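Colleague: The structure is given below, and queries will be raised subsequently.
The values are calculated or read from the model by the stated rules, or taken from the named source; none is laboratory data. As the structure is a prediction and not an experimental result, all values here were calculated from the model. So basically every Cβ, Gly included, is an ideal-geometry build from the backbone, and we count neighbours across all protein chains shown. When the accessible area is computed, the model is the full protein with side chains, heavy atoms only, and any ligands, DNA or RNA have been set aside. Shrake-Rupley method; radii C 1.70, N 1.55, O 1.52, S 1.80 Å.
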Amino acid sequence: MSSNEQGQSFLASVDHYFDKAAALSSHPEGLLKQIKVCNSVYSFRFPIKTDDGYEVIEAWRAQHSHHKLPVKGGIRYSEHANEAEVIALASLMTYKCAVVDVPFGGAKGAVKIDAKQYGADQLQRITRRYTAELIKKNFIGPALDVPAPDFGTGPREMAWIADTYQTFHPEQIDALGCVTGKSVGQGGIRGRTEATGLGVFYGTREICDNAEDMAAIGLERGLEGKSFVIQGLGNVGYHAAKFFIEGGAHLVGVAEYEGGISSKSGIDLDSLLAHRKETGSILGFPGADDLPSREAALELPCDILIPAALENQITDQNAARIQAKIIVEAANGPVTAPAESVLRQKGVMIVPDFYINAGGVTVSYFEWLKNLSRVRFGRIEKRFEQATFDRILSIIERETGKPLSAEERLTAARGADETDLVYSGLEETMITAYQHIRELGKRKSIEDLRTAAFLSAIDKVAVSYMEMGIFP
Ligand code: NAD
């Protein structure tokens, strides 16, 4: 399948999920159509100078929904980028933001390049030119459209974008809020790096804490003691695995680009990473067995399978052999629509991507708030809280006659810093969103979480349009 065909098929599957959930809603047809369509797509080309002449680069920015502004979504650098894929990803951003109550519309951008083929200077020129093109058309700005990193981009590209925007708008006091995912020194926020993996952990822990839902798939309540397999030890996969292990789950299988490994007695994550750094591979890790292929890891017996690498990993070719009871879609689109029907027939619970990997956009929202307020979270209240807790502890000590050790006092009388507040806000977001999806699913007798999550998102976007008075 060509990249364009893949993009079309991705968009068709997002639209299919939308239609399935929309059929269960009571909103007027015109309103549902408005929610589904992509509002604006800016498709453009620009030249860059190369060693042997000029190259024309193709790029896009899609703003799927303007029901809330700014719109938000990453920018990917990929030689496979195409317009349909950008629109599909922008649509998912609308539903993702709505599900976790992040007050943004959905957007996505792409530059059709293989970033590995360009030096840092060329990438900087491409990024700055892409930003300038967006500025010309009012497709970027803290109140309009706020990009973030995605495949092939990171804090470095975000810093170039922020700097270009500030150069064009030196008078704008909020200019740094034109992009998120920046490094902390450039106006970023602590906790953003691990946010998506941490959100995957908070969401999954909440799901596993429901005894009734766990019993329905033959599992005990609680994340502690559950076995899990992870595909991809990149940013999302590594952090998700780390927090799962800290939460008492056992890592029994790993798939990476070079192959797969398994160990019933558990894999030590940091030793595995050290082994990979030393040997260049996860294979040959002491205490674990090498699997015949990386794909074989997906089929290992386990309670939870976390695909955290890329899209289209569980298809109708391997779905029947999946043994996990829960699939947590940490990556975007890892389970295809045909695979989903096979898995549902097997009674597998699928936790949808646009809910479970929403930790990144949630913390990006906190970063944007920080940029608008121009103050680090916790800076104002941390010492005051600490002093207040300290005084309360002194009263307790005096009244009970039991003095606390210095360590106990330090733990109990600690004011919240930026990381504490970001973690707490993310935990609250993931738990509240899940409870809402679950409750909606129960009320409407919807069996799968994806349809319930889509319906939750559709309802929230619909309410925005109705409150604007555009629809009755
Ligand atoms: P990453 O590039 O840091 O990590 C991906 C990892 O997967 C790499 O270690 C890579 O070697 C591995 N990999 C690639 N192909 C593989 C294969 N066939 N089998 C096994 N492993 C393979 O990327 P990331 O930021 O962790 O993103 C992973 C997924 O999560 C993507 O689908 C992305 O769109 C999605 N996502 C990321 C974020 C975020 O904040 N980073 C937010 C939401 C969704």
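Colleague: Are any residues in region 297-308 in a helix (DSSP H, G or I) and within 10 Å of the ligand (Cβ to nearest atom), and if so, which ones?
Modeller: Step one: of region 297-308, the residues in a helix (DSSP H, G or I) are 297-299.
Within region 297-308, Ala297, Leu298 meet the criteria.
Colleague: Go through (1) surrounded by 16 or more Cβ atoms within 10 Å (Cβ to Cβ); (2) of a type outside the set (Ser, Thr, Tyr); (3) more than 16 Å from the ligand (Cβ to nearest atom); (4) free of Cβ contacts under 8 Å to residues at least 60 places away in the same chain one by one and return the number of the condition Val375 breaks.
Modeller: (1)
Colleague: Quick one: what pairs do we get from region 247-266, first residue within 14 Å of the ligand (Cβ to nearest atom), second open to solvent by 10 Å² or more (accessible area, probe 1.4 Å) and among the basic types (Lys, Arg), C-beta under 9 Å, 6+ apart or different chains?
Modeller: Cβ pairs passing all conditions: Ala255/Arg294; Glu256/Arg276; Glu256/Arg294; Tyr257/Arg294; Glu258/Arg276; Glu258/Arg294; Gly259/Arg294; Gly260/Arg294.
Colleague: Another question, then. Check off (1) touching a helix residue (DSSP H, G or I) at 6+ places or on another chain (Cβ under 9 Å); (2) more than 16 Å from the ligand (Cβ to nearest atom); (3) open to solvent by 30 Å² or more (accessible area, probe 1.4 Å) for Gln122 and give me the number that stays unchecked.
Modeller: (1)
Colleague: Determine whether region 276-296 contains at least one residue that is within 15 Å of the ligand (Cβ to nearest atom), part of a helix (DSSP H, G or I) and hydrophobic (A, V, I, L, M, F, W, C).
Modeller: Within region 276-296, one or more residues are within 15 Å of the ligand (Cβ to nearest atom), part of a helix (DSSP H, G or I) and hydrophobic (A, V, I, L, M, F, W, C).
Colleague: Sticking with this structure for a sec: Can you tell me which of Leu92, Leu69 is within 14 Å of the chain's Cα centre (by Cα) and open to solvent by 10 Å² or more (accessible area, probe 1.4 Å)? Write out each step before concluding.
Modeller: Working: Leu69 fails: within 14 Å of the chain's Cα centre (by Cα).
From the options Leu92, Leu69, the qualifying one is Leu92.
Colleague: Please tell me if Glu311 is modelled with pLDDT under 95 and within 13 Å of the ligand (Cβ to nearest atom). It would help to see each step written out before you state the result.
Modeller: Details: modelled with pLDDT under 95: yes; within 13 Å of the ligand (Cβ to nearest atom): yes.
So Glu311 passes the test.
Colleague: Does Ser405 fit the bill of being at negative phi and surrounded by 13 or more Cβ atoms within 10 Å (Cβ to Cβ)? Give the steps one after another, and end with the answer.
Modeller: Numbers: at negative phi: yes; surrounded by 13 or more Cβ atoms within 10 Å (Cβ to Cβ): no.
No: the conditions fail for Ser405.
Colleague: Moving to a separate point now. Have a look at Gly284, Gly234, Gly280, Gly218 and point out the one that is open to solvent by 30 Å² or more (accessible area, probe 1.4 Å), modelled with pLDDT under 95 and either farther than 18 Å from Gln323 by Cβ or out of contact with any helix residue (DSSP H, G or I) (no Cβ under 9 Å at 6 or more places or on another chain) (or both). Steps first, please.
Modeller: Numbers: Gly284 fails: modelled with pLDDT under 95; Gly280 fails: modelled with pLDDT under 95; Gly218 fails: modelled with pLDDT under 95.
Exactly one of Gly284, Gly234, Gly280, Gly218 is open to solvent by 30 Å² or more (accessible area, probe 1.4 Å), modelled with pLDDT under 95 and either farther than 18 Å from Gln323 by Cβ or out of contact with any helix residue (DSSP H, G or I) (no Cβ under 9 Å at 6 or more places or on another chain) (or both), namely Gly234.
Colleague: Restricting attention to region 35-71, report how many residues are in contact with a strand residue (DSSP E or B) (Cβ under 8 Å, 6 or more places away or on another chain) and part of a loop (DSSP other than H, G, I, E, B).
Modeller: So the answer is 9.
Colleague: Shifting gears a bit: If we scan region 349-368, do we find a residue that is away from the ligand (no atom under 16 Å from the Cβ) and either open to solvent by 40 Å² or more (accessible area, probe 1.4 Å) or farther than 14 Å from Asp448 by Cβ (or both)? So that I can check it myself, show each step before the final result.
Modeller: Residues of region 349-368 that are away from the ligand (no atom under 16 Å from the Cβ), as a first pass: 349.
Pick out the ones that are also either open to solvent by 40 Å² or more (accessible area, probe 1.4 Å) or farther than 14 Å from Asp448 by Cβ (or both) and you get none.
No; the residues of region 349-368 include none that is away from the ligand (no atom under 16 Å from the Cβ) and either open to solvent by 40 Å² or more (accessible area, probe 1.4 Å) or farther than 14 Å from Asp448 by Cβ (or both).
Colleague: Shifting gears a bit: Only residues that are open to solvent by 20 Å² or more (accessible area, probe 1.4 Å) and within 16 Å of the ligand (Cβ to nearest atom): list them for region 154-177, please.
Modeller: Those that are open to solvent by 20 Å² or more (accessible area, probe 1.4 Å) and within 16 Å of the ligand (Cβ to nearest atom): Pro155, Arg156.
Colleague: With respect to Tyr423, is the statement that it is modelled with pLDDT under 95 and either surrounded by 12 or more Cβ atoms within 10 Å (Cβ to Cβ) or in a helix (DSSP H, G or I) (or both) true? Before you say what the answer is, go through the steps one by one.
Modeller: Values: modelled with pLDDT under 95: no; either surrounded by 12 or more Cβ atoms within 10 Å (Cβ to Cβ) or in a helix (DSSP H, G or I) (or both): yes.
Judged against the criteria, Tyr423 is not a match.
Colleague: Which is open to solvent by less than 40 Å² (accessible area, probe 1.4 Å), within 16 Å of the ligand (Cβ to nearest atom) and closer than 19 Å to Leu69 by Cβ, of Pro142, Pro147?
Modeller: Numbers: Pro142 fails: within 16 Å of the ligand (Cβ to nearest atom).
Exactly one residue qualifies, and that residue is Pro147.
Colleague: How do the pairs read when you match residues in region 402-421 that are in contact (Cβ under 8 Å) with a residue 12 or more places away in the chain with residues anywhere that are open to solvent by 50 Å² or more (accessible area, probe 1.4 Å) and of a type in the set (Asp, Glu), using Cβ under 7 Å and keeping only pairs 6 or more apart or on different chains?
Modeller: Sorted first by the residue in region 402-421, then by its partner, the pairs are Ala413/Asp390; Gly415/Glu381; Gly415/Glu385; Ala416/Glu385.
Colleague: Given the condition buried (at least 24 other Cβ atoms within 10 Å of the Cβ), away from the ligand (no atom under 13 Å from the Cβ) and either within 22 Å of Glu329 (Cα to Cα) or not hydroxyl-bearing (Ser, Thr, Tyr) (or both), answer yes or no: does some residue in region 125-139 qualify? Walk me through how you get there before you give the answer.
Modeller: In the first step, residues of region 125-139 are kept if they are buried (at least 24 other Cβ atoms within 10 Å of the Cβ); the result is 130-131, 134.
Next cut, away from the ligand (no atom under 13 Å from the Cβ) only: 130-131, 134.
Narrowing the set further to residues that are either within 22 Å of Glu329 (Cα to Cα) or not hydroxyl-bearing (Ser, Thr, Tyr) (or both) leaves 134.
Yes, the conditions are met somewhere in region 125-139.
Colleague: Separate question: What's the total number of residues in region 221-230 that are touching a helix residue (DSSP H, G or I) at 6+ places or on another chain (Cβ under 6 Å) and open to solvent by 20 Å² or more (accessible area, probe 1.4 Å)?
Modeller: Residues flagged as touching a helix residue (DSSP H, G or I) at 6+ places or on another chain (Cβ under 6 Å) and open to solvent by 20 Å² or more (accessible area, probe 1.4 Å) within region 221-230 amount to 1.
Colleague: Is there a residue in region 102-115 that is out of contact with any Gly (no Cβ under 8 Å at 6 or more places or on another chain) and assigned to a helix (DSSP H, G or I)?
Modeller: No: region 102-115 contains no residue that is out of contact with any Gly (no Cβ under 8 Å at 6 or more places or on another chain) and assigned to a helix (DSSP H, G or I).
Colleague: I've got another one for you. Being of a type outside the set (Asp, Glu), within 16 Å of the ligand (Cβ to nearest atom), within 29 Å of Thr419 (Cβ to Cβ) and touching a helix residue (DSSP H, G or I) at 6+ places or on another chain (Cβ under 8 Å): is that true of Thr180 here?
Modeller: Working: of a type outside the set (Asp, Glu): yes; within 16 Å of the ligand (Cβ to nearest atom): yes; within 29 Å of Thr419 (Cβ to Cβ): yes; touching a helix residue (DSSP H, G or I) at 6+ places or on another chain (Cβ under 8 Å): yes.
Here the answer is yes, as Thr180 does meet what is asked.
Colleague: I would also like to ask the following. Which one of Ile245, Ile230, Ile207 is touching a Lys or Arg at 6+ places or on another chain (Cβ under 9 Å), of a type outside the set (Gly, Ala, Ser) and either part of a helix (DSSP H, G or I) or under 25 Å from Asp353 (Cβ atoms) (or both)?
Modeller: On the way: Ile245 fails: touching a Lys or Arg at 6+ places or on another chain (Cβ under 9 Å); Ile230 fails: touching a Lys or Arg at 6+ places or on another chain (Cβ under 9 Å).
Just a single option satisfies the conditions, and that option is Ile207.
Colleague: Pairs needed: first member in region 330-356, part of a loop (DSSP other than H, G, I, E, B); second member anywhere, hydroxyl-bearing (Ser, Thr, Tyr) and open to solvent by 10 Å² or more (accessible area, probe 1.4 Å); C-beta distance under 6 Å; at least 6 residues apart or different chains.
Modeller: Listed by first residue and then by second, the contacts come to Thr336/Thr315.
Colleague: What is the residue count in region 307-330 for residues that are open to solvent by less than 10 Å² (accessible area, probe 1.4 Å) and under 14 Å from Phe354 (Cα atoms)? Explain how you work it out, then say what you get.
Modeller: Residues of region 307-330 that are open to solvent by less than 10 Å² (accessible area, probe 1.4 Å), as a first pass: 307, 314, 319, 322, 324, 326-330.
Next cut, under 14 Å from Phe354 (Cα atoms) only: 307, 327-330.
Selection size over region 307-330: 5.
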